Amino acid sequence: MIAALSHERSRMRTMIMTRRDLLPLAERLAQSERIAASLLAHPVFRQKKILFIYCHFRSEVQTTLVIEDSLRQGKTVCTPMSMPDEMDMVAVLITDPVHDLAPGYKGILEPLPLLAQTRKMEPSAIEVAVIPGTVFDLNGHRLGYGMGFYDRFLVHAPGAIRIGLAFSCQMVERLPIQQHDIPMDMIITEEGVMAWPQRLHAPDRG
């Protein structure tokens with residue numbers, strides 16, 4: 001049973017990532033801009049000050065505009081730094097994406113290692129976590145890349161509102177989920193915003 005579930009999750013990842021990779025670059029950029037605009041304009045996002053935002057990689061929804069605009073507004077912005085030996089990640093505060101970020105684990109933009117020594121942010125302080133994924137479903141569930149980095153990190157950020165960014169081609173009706181999977185409170189695609197009020201307004205979400 002577990003093996004079958006794992007195989008199905010892997011199959012879905014491969015299928016949807018291929019679909020995402022086939023989006024023409026111009027379309028990906030235009031859709032990323034629409035998604036970024038929706039996120040930046042959303043009241044839930046606008047009222048929060050301490051943000052954890054992924055740095056996009058390959059064909060993911062691009063987050064450059066979100067990071068830059070949030071910094072211009074004077075918000076505290078952290079981005080992930082992977083800890084592959086621990087199969088985990090940490091949040092590191094950045095103030096200048098051009099100078100604070102460089103290719104790290106698997107070539108993904110990450111904070112410079114030196115910054116992690118002085119600018120590490122406690123996950124419990126994070127108010128909004130903007131999360132990537134390979135596949136999302138209509139119940140807010142998410143498949144990552146199979147390593148579990150974000151799920152492990154989010155366990156330590158229970159008060160963070162979890163917002164997944166995805167292209168509509170990454171959406172499916174239902175995912176085969178596992179116990180450790182942490183659902184999103186909101187998912188934003190170029191077609192609109194999906195939210196789950198029972199999660200979004202839970203007592204631990206501040």
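The values are calculated or read from the model by the stated rules, or taken from the named source; none is laboratory data. None of the values given here were measured: they were computed from a predicted structure. Quick reminder, even Gly has a Cβ in these numbers, built from the backbone with ideal geometry, and neighbours come from all protein chains shown. For accessibility, only protein heavy atoms count, side chains too; no ligands or nucleic acids. Shrake-Rupley method; radii C 1.70, N 1.55, O 1.52, S 1.80 Å.
Odds and ends about this structure:
- Cut-off under 5 Å, modelled amide H: who pairs with residue 83 long-range: 88, 89, 90
- Principal axis dimensions, the range 13-70 - Cα atoms, whole angstrom, descending: 36, 21, 17
- Calculated diffusion of the range 27-131, Stokes-Einstein form, Kirkwood radius summed over Cα pairs, 10 °C and 1.306 mPa s, µm²/s: 113
- Gain in span if fully extended, residue 83 to residue 106, counting 0.36 nm per residue against the direct Cα distance: 7.1 nm
- Cα pair distances in the range 150-197, grouped into 5 Å bins until the bin that holds the longest one, percent each: 5, 17, 26, 27, 18, 7, 0
- Placing pseudo-labels 7 Å out from each Cα toward the beta carbon at residue 191 and residue 120 gives an inter-label distance of 4.2 nm.
- Computed helical MRE - 222 nm, the chain, DSSP H runs ≥ 4 contributing -39500 (n - 2.57), nearest 500: -9500 deg cm²/dmol
- The residues packed around residue 181, meaning those with a beta-carbon under 11 Å from its beta-carbon, carry a net charge of 0 if Lys and Arg are +1 and Asp and Glu are -1.
- Choice from 181, 137, 85 showing the highest fluctuation, given a GNM over the chain with Cα pairs closer than 10 Å: 85
- Here each label is just a point 7 Å from Cα along the line to Cβ, and for residue 14 and residue 151 those points are 2.0 nm apart.
- Rg and Dmax of the chain, based on Cα coordinates, read 16.0, 49 Å.
- Solvent-accessible heavy-atom area per residue, rounded to whole Å², over the chain at 1.4 Å: 49
- Gain upon complete extension [residue 202, residue 73; 0.36 nm per residue less C-alpha separation]: 43.8 nm
- Rounded to the nearest 10 square angstrom, residue 150 shows an accessible area of 40 square angstrom against a 1.4 Å probe.
- Put 118, 14, 63 in order of accessible area, highest first, and with a 1.4 Å probe you get 118, 14, 63.
- Overall, the anisotropy analysis places the range 71-126 in the oblate class: the square-rooted eigenvalues a ≥ b ≥ c of its C-alpha gyration tensor yield a/c not less than 1.5, with a/b not exceeding b/c.
- Our note on the geometry: Cα centres of the range 113-156 and the range 60-111, 11 Å apart.
- Highest GNM mean-square fluctuation among 38, 124, 70, for the chain modelled with Cα contacts below 10 Å: 124.
- Translational D in µm²/s for the range 109-168 (Stokes-Einstein at 10 °C, 1.306 mPa s, Kirkwood Rh from C-alpha pairs): 122
- Number of Lys-Lys pairs in the chain with C-alpha atoms under 20 Å apart and a separation of 8 or more places or on different chains: 5.
- Placing pseudo-labels 7 Å out from each Cα toward the beta carbon at residue 168 and residue 22 gives an inter-label distance of 1.7 nm.
- Taking 92, 44, 66 as the candidate residues, the one with maximal mean-square fluctuation in a Gaussian network model of the chain, Cα springs under 10 Å, is 44.
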